[in-house]
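Scroll down for the structure; my scribbles are underneath it.
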Amino acid sequence: MAKRNNRETILVIEDDPDICGFAARLFQLEGYRVLQAEDSETGLRLVRKKRVDLVLLDLRLPKIDGWTVLKELKSNPELSSIPVVVFTASAAASQRNRALAEGAAAYLVKPLSAAKLRKTVAHILHHKGRQ
Amino acid sequence: MVSPEGIILNANNAALKVLGYNKGELIGKPVQTIYAPEPLSKTKQVFEKWRKTGKLRDEEMDIITKKGDKRQVLLSATAVKDKEGRILHSISIQTDITERKQAEEALRGERDRAQKYLDVAGVMLVALDAKQKVSLINKRGCEILGHPEEEIIGKNWFDNFVPDRVRSEVVAVFNKLMAGEIELVEYYENSVLTKTGGELLIAWHNTVLTDERGNTIGILSSGEDITERRLLWKRMIEYEELSKLKSDILSTVSHELRTPLAIIKGYSTMLVDYTQKLSSKEKTEHLRSIDNATDRLTELVDHLLDMSRLDAGLLKLDMAFTSISKVIKGAVAEASLRTPKHNIASHVGGRLPRVNIDTKRIRQVLDNLIDNACKYSKEGTEVVVSAQREGKELVVSVADQGTGIHAKEVNRVFDRLHSAEKRLTSQGEGLGLGLAISKGLVEAHGGRIWAESELGKGSTFYFSLPLDTKRGHNHGEEE
C-alpha cells in the first residue's frame, strides 16, 4: 500500500462510460491511482479537493465543455502546473493547435491504442517529475 | 417683291443691306439667286406652296449674300392678287435669324454633349422635379426601365416606376425631402418597376438640386442595377451556409464514428496487452463493451445510409396493408424490454382500418419516437402510444411526461441543420438524425409529422398516414 500511495493520481473527465471505464482501468493496470468524473463540474471539484498529477480531458462534455475546464485549470495558479492531456474524437488540426496553445500537454485523438495512451501519460508524468 | 414666275421685282434697303447687293444687281433676277442651292428642293417647295396658297409663314430658309455667306432667315410672304384672283406678285418679309440660330445651335450642341456624357455613364441618371416628375433620364436609365425616353420624361416617377409595395414609403421620404424636413439619404437601395412588370434592385446615390436661392427644386439620382450582384451574393451566402452545414455534419459524423471506435480500439488493445493481468470475467465485460460499440457503429452507418437515401429519393418502400395496432403493440413490447424503467403503454382506440405501409420503416419511426420519449423523461414516468382515425388519415402519437421542448424549437427538432447545430455544442449519443429520418420516412409514406410540447410537462409527437379509402374498404376493417 505504501508503494501505491507514492504513485501519481490521474483524473479522467469523460462522459462516455465505456471510454471512461477503459481509460480508468488502463491507468489502474499501470499502477496509477485513478479518479473519474462524468462531467466538468465533478471534475473541477475533484481537482480542487484532491491531489491530482494529470488530467485526461474529453472536450465534448455535457453542460460545461472541456475547453472551459482547460481554461479554468490553466488560469488558476494553484492548478496550472497539472498537465492536461486532451483525449477527444475531434480530429481537426485547428482544435489541436488551439488546445496546445491553451496549455494542453498533449492532444490525443480517438481511437487510440492502450499502449499509445499509456506511453503518452507515462512520458508526461516522467518528464514532469524530472523538472 | 417676287413675280409668280419667281423673278425678283423689288427689294427694300434692309434686304439689300443684308444681301450686299445693290438694287440694280438684284431686280430681274430669279429668286434662286438669293436662296441657297442646297436644299434646292426646299426653295422649290416653298415657292410652290406660296403659288398655291398665296401665303407663307415663318419658313426657315438659307440665303446667300453677294459675298457668298450663308445666312438664315424666317420667310413670310403674302400674294398680291388682281380682281380675277391671279397672283400679281408677292410681298415677303425675311427676318434674319442667323445669330439666333447660331445661339440655338450652340445650346443644342451643349445639350447634346451633356446628354452624351449622361449616356456614356454606366449607371442610370434620373432627375426629378419637386412635383415628382422625371425631368431627365439617360440612356442607361431607359435601358433599365425598358421604356424609350419620351415615355419617361414628364411622367410621375413614383406612380410609374416604383413598385406598389414600397411606393407610399418612398413618396413620403421624397416629399419630406422637398419640404426640407429631412436630410438627404445619400445612399439607399430599392426596386424599380420595368416595362415588362419585373422589378430590378437599384443602388441609388442622390444629390439634391437647388435653385440660385438655395431652394430645393428636385433631386438627381444615379442608380446602379445590383439585382444580379445581390442574387449572386445571396447564392454565395447560401452556398457558404450549405458547405458549413456539410462540414458540421461531417465533423459530427467523424466525432460519432470515433467514439465507438475508441471503445473497440481501446479495449481490444488492452485485451491483447494485459491478457495475463485480466480475469476472464473482466475480459468478457470488455468484449461486451466492444460488441455494444459495434452495434452503435452499425446504427450510425444505417442512419447515414437512410439519410442519404432519403436525400437522393432512393429509399424503396416495401408496401403492404398492415394492422397499425399490431405494429404499435410490437414496438411497445420491445421498447419495454429496452427501457424497463419507463411505463410504456399503448392506447389504440376502436377498430382501425388497415394502412398501406412499409412495416419495417414505420416501426423504425415508432422506435425512434418511443426511444426519444424515454430519453427526455424521467424513469418511472409514462410514455403513451396512441392511434386513431382522423378523416382520411390515421394519426399515431407518442406522448411523454418529460422535460418538454421550448416553443421556438418544437418544430425545428425535425430539421437536420438544427440537430447538427445542437450536436456541436451538446452531449448525447448519435448523430441527432433520428427525427430527420423519421420525418423523411413518414413523408415518403405521404404522411406528416409534427410535435406539440409544453416545457416541464412533456411532449407529444404525432405522425399521420394517409388511408387509401378505396382499398381500405376492400381489405375491410381490423378485428
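A few comments on the model shown:
- Enumeration of residues in segment B:35-65 that are in contact with a helix residue (DSSP H, G or I) (Cβ under 6 Å, 6 or more places away or on another chain) and either in contact (Cβ under 8 Å) with a residue 60 or more places away in the chain or under 15 Å from B:Ala15 (Cα atoms) (or both): B:Tyr35, B:Thr65
- Meets criteria (within 15 Å of B:Glu199 (Cβ to Cβ), touching a strand residue (DSSP E or B) at 6+ places or on another chain (Cβ under 8 Å) and free of Cβ contacts under 8 Å to residues at least 60 places away in the same chain) for B:Val185: no
- Entirely in segment B:75-171, the strands (runs of 3 or more DSSP E) that have 1 or more residues that are surrounded by fewer than 16 Cβ atoms within 10 Å (Cβ to Cβ) and hydroxyl-bearing (Ser, Thr, Tyr): B:87-96
- Checked against (1) small (Gly, Ala, Ser); (2) under 16 Å from A:Leu11 (Cβ atoms); (3) touching a residue at least 40 places away in the same chain (Cβ under 8 Å), A:Gly43 meets all criteria but (3).
- Here A:Leu79 clears all of (1) part of a helix (DSSP H, G or I); (2) more than 14 Å from chain B (Cβ to nearest Cβ); (3) touching a residue at least 12 places away in the same chain (Cβ under 8 Å) except the condition numbered (1).
- Considering residues of segment A:18-32 that are crowded, with 21+ Cβ neighbours inside 10 Å, within 10 Å of chain B (Cβ to nearest Cβ) and in contact with a Lys or Arg (Cβ under 9 Å, 6 or more places away or on another chain) only, the residue farthest from A:Ala122 (Cα to Cα): A:Ile19
- Inside segment B:246-263, residues that are facing chain A (nearest Cβ under 7 Å) and buried (at least 21 other Cβ atoms within 10 Å of the Cβ) make up a count of 3.
- Test: residue in segment A:33-41 that is part of a helix (DSSP H, G or I) and within 14 Å of chain B (Cβ to nearest Cβ): yes
- Residue ID - farthest from A:Gly66 (Cα to Cα), chosen from residues in segment A:7-17 that are modelled with pLDDT under 95 and either in a helix (DSSP H, G or I) or within 13 Å of chain B (Cβ to nearest Cβ) (or both): A:Pro17
- Residue in segment B:219-229 that is more than 14 Å from chain A (Cβ to nearest Cβ), without any contact (Cβ under 8 Å) to a residue 60 or more places away in the chain and of a type in the set (D, E, K, R) present: yes
- When restricted to residues that are crowded, with 18+ Cβ neighbours inside 10 Å, of a type outside the set (Ser, Thr, Tyr) and within 12 Å of A:Ala115 (Cβ to Cβ), segment B:264-286 contains 3.
- Test: residue in segment B:432-453 that is modelled with pLDDT under 90, buried (at least 16 other Cβ atoms within 10 Å of the Cβ) and within 14 Å of chain A (Cβ to nearest Cβ): yes
- Output for segment B:265-290, where each listed residue is facing another protein chain (nearest Cβ under 7 Å) and part of a helix (DSSP H, G or I): B:Lys265, B:Gly266, B:Tyr267, B:Thr269, B:Met270, B:Asp273, B:Ser289
- Check on B:Glu183, exposed (fewer than 14 other Cβ atoms within 10 Å of the Cβ), touching a Lys or Arg at 6+ places or on another chain (Cβ under 9 Å), away from chain A (no Cβ under 14 Å) and not in a helix (DSSP H, G or I): no
- When A:Leu61 is tested against (1) within 19 Å of A:Ala23 (Cβ to Cβ); (2) at pLDDT below 95; (3) in a helix (DSSP H, G or I), just one condition goes unmet, and that condition is (3).
- Flag for B:Thr196 being assigned to a loop (DSSP other than H, G, I, E, B), among the hydroxyl-bearing types (Ser, Thr, Tyr) and touching a residue at least 12 places away in the same chain (Cβ under 8 Å): yes
- Check on B:Ser325, over 17 Å from B:Leu433 (Cβ atoms), part of a helix (DSSP H, G or I), touching a Ser or Thr at 6+ places or on another chain (Cβ under 9 Å) and more than 14 Å from chain A (Cβ to nearest Cβ): yes
- Annotation note: of A:Leu70, A:Leu57, A:Leu100, the sole residue that is touching a residue at least 40 places away in the same chain (Cβ under 8 Å) and either surrounded by 18 or more Cβ atoms within 10 Å (Cβ to Cβ) or away from chain B (no Cβ under 14 Å) (or both) is A:Leu57.
- Residue satisfying condition, being out of contact with any His (no Cβ under 6 Å at 6 or more places or on another chain), of a type in the set (A, V, I, L, M, F, W, C) and farther than 30 Å from B:Ile226 by Cβ, within set B:Ala114, B:Ala121, B:Ala127, B:Ala77: B:Ala77
- Considering A:Asp18, A:Asp39, A:Asp58, the condition of being charged (D, E, K, R), more than 15 Å from the chain's Cα centre (by Cα) and within 29 Å of B:Arg288 (Cβ to Cβ) is satisfied by A:Asp18 alone.
- The numbered conditions (1) within 13 Å of another protein chain (Cβ to nearest Cβ); (2) closer than 19 Å to A:Ile10 by Cβ; (3) loosely packed, with under 14 Cβ neighbours inside 10 Å; (4) of a type outside the set (S, T, N, Q) are all true for A:Pro62 except (2).
- Pairs where the first residue, in segment B:306-320, is surrounded by 11 or more Cβ atoms within 10 Å (Cβ to Cβ) and the second is in a loop (DSSP other than H, G, I, E, B), C-beta under 6 Å, 6+ apart: B:Met307/B:Leu433; B:Arg309/B:Leu315; B:Leu317/B:Asp358; B:Met319/B:Asp358
- Condition check for B:Ile87: free of Cβ contacts under 8 Å to residues at least 40 places away in the same chain and touching a strand residue (DSSP E or B) at 6+ places or on another chain (Cβ under 7 Å): no
The values are calculated or read from the model by the stated rules, or taken from the named source; none is laboratory data. Here the structure is a predicted model, which is why all the values come from computation and not from measurement. Here the Cβ is made from the backbone with ideal geometry for all residues, glycine too, and neighbour counts use every protein chain on show.
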